[in-house]
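Read-outs: derived from the displayed coordinates by stated rules, not from any lab. It should be emphasised that the depicted structure is a prediction, and the values quoted were computed from it without experimental measurement. Cβ: placed from backbone, ideal geometry, glycine included. Neighbour counts: every protein chain shown.
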Amino acid sequence: MNTILTGVGASAGTVQGPARLIHGPDEFSRFQAGDVLICRTTDPAWTPLFAMASAVVTQTGGMLSHAAIVAREYGIPAVLGVRDALDLLPDGSPLTVDGAQGTVTVADSK
């Protein structure tokens, strides 16, 4: 069974990629092209990661937040306001992010 988390679909599109939990700028070097950015929130200092991200998932924010606006500019899916995303999504786990439906799906490992 898959785990599905929901939030605000802030930028449409569906992608698959590995979750990369980033807690702050000191962890930016861990982020690689194709990763799904999982974080509490973003601000302009985070913008370079959007160029490498396949999608963005934040714990806070909505349609007019920094993450939503920048994700739409880069044309990548974004699901925002996913409560406890940093606690519920294991780092490196394969995710499917649907920015139109506002869902983040992690496949159970078996």
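Structure values in brief
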item: Residue-averaged [θ]222 nm for the chain, counting only DSSP H segments that reach four residues, each worth -39500 (n - 2.57); result: -3500 deg cm²/dmol
item: Order of Leu37, Leu64 - criterion: other Cβ atoms within 10 Å of each residue's Cβ, fewest first; result: Leu64, Leu37
item: Percent RCO, i.e. relative contact order, over segment 3-106, from Cα pairs under 8 Å lying at least 6 residues apart; result: 41 percent
item: Fraction of beta bridges assigned by DSSP in the chain that are antiparallel (%, nearest 5); result: 65 percent
